[in-house]
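Read through the structure below, which is laid out as structure tokens, and then see the notes.
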Amino acid sequence: MPGRASQLRRRLRARPHDQRRLQENHLEPCEFPGCDERREVNSFSKLCRLHKTRHQLTGSAWHKPLPQSALKSARSLARDFVEAHSDHKGLQAALRLLGIMFVSPRSYFQDVRVIVAVETARNKHAHDLQHVLERLLAVYVIRHLKPAAITDDDGLTFEVYRATLPGQNRNPVKVREAVGPFIIEALGLLLTRAARRACHEQQQQPNPSTRRSRNVF
Ligand SMILES: [Zn+2]
């Protein structure tokens, strides 16, 4: 936010005692439990740089974005599952909902920033709905296998947002907080159950050719 930063600089020139308060703040420890770092330089944040950045990106100082390597391997399990269950009514309904959301985001969102972000993602990445569903399911597969990887609701909101609208360099809070909860409310239960089932099937039948014959979850 360069606008905000330059405003801050102007204010600091006018009020030199703020400079002292900033320095004092920097000498304080980060408020994140167990973190020994000092608070961010030139900021009144109560967090160190890492935790502040994490909070700004994901909405939670606790949540560390899931690494691409974990998402990639969970996605391959999710892909197998979605392909094996392509005729499942729940998955078909999920694809329909995603289709409406991308074609006509105004059906679900009011904020123009959210609508533009969804339209941009659709135009830029020529969205394949099945890929979106696979990415979403991959997040829930990780959540099922390793619950600690997604620490809280904000962390889940961030991961769901990122899976739905990938490749966005900017991460406007409004978009994250609209798209994430919308998907979680509409598809969270289905994705939770599908993830559980996908993991179960993989354990039961590690051979992909036999896995495809199962059709219920
Ligand atoms: Zn910290």
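The values are calculated or read from the model by the stated rules, or taken from the named source; none is laboratory data. Given the structure is predicted, the values throughout are model-derived calculations rather than measurements. No Cβ is skipped: glycine too gets one built from the backbone with ideal geometry, and neighbour counts run over all protein chains shown.
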Filter pass, Ala84 being touching a Leu at 6+ places or on another chain (Cβ under 7 Å), of a type in the set (Gly, Ala, Ser) and in contact (Cβ under 8 Å) with a residue 24 or more places away in the chain: no
Selection from the range 57-81 of residues that are away from the ligand (no atom under 13 Å from the Cβ) and of a type in the set (A, V, I, L, M, F, W, C): Leu57, Leu66, Ala70, Leu71, Ala74, Leu77, Ala78, Phe81
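Of everything in the range 12-51 that's assigned to a helix (DSSP H, G or I) and crowded, with 16+ Cβ neighbours inside 10 Å, which residue is modelled with the highest pLDDT? I'd like the intermediate steps shown before the answer.
Let us first name the residues in the range 12-51 that are assigned to a helix (DSSP H, G or I), namely 12-14, 16-27, 49-51.
Then drop every residue that is not crowded, with 16+ Cβ neighbours inside 10 Å, which leaves 22, 25-26, 51.
Working: Leu22: 90, Asn25: 90, His26: 92, His51: 95.
Ranking the candidates gives His51 first.
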Candidates Glu159, Glu185, filtered to the one that is at pLDDT 95 or above, exposed (fewer than 15 other Cβ atoms within 10 Å of the Cβ) and out of contact with any Pro (no Cβ under 7 Å at 6 or more places or on another chain): Glu185
Conditions (1) free of Cβ contacts under 8 Å to residues at least 12 places away in the same chain; (2) loosely packed, with under 15 Cβ neighbours inside 10 Å; (3) within 11 Å of the ligand (Cβ to nearest atom); (4) not polar (S, T, N, Q); number of the one not met by Arg54: (2)
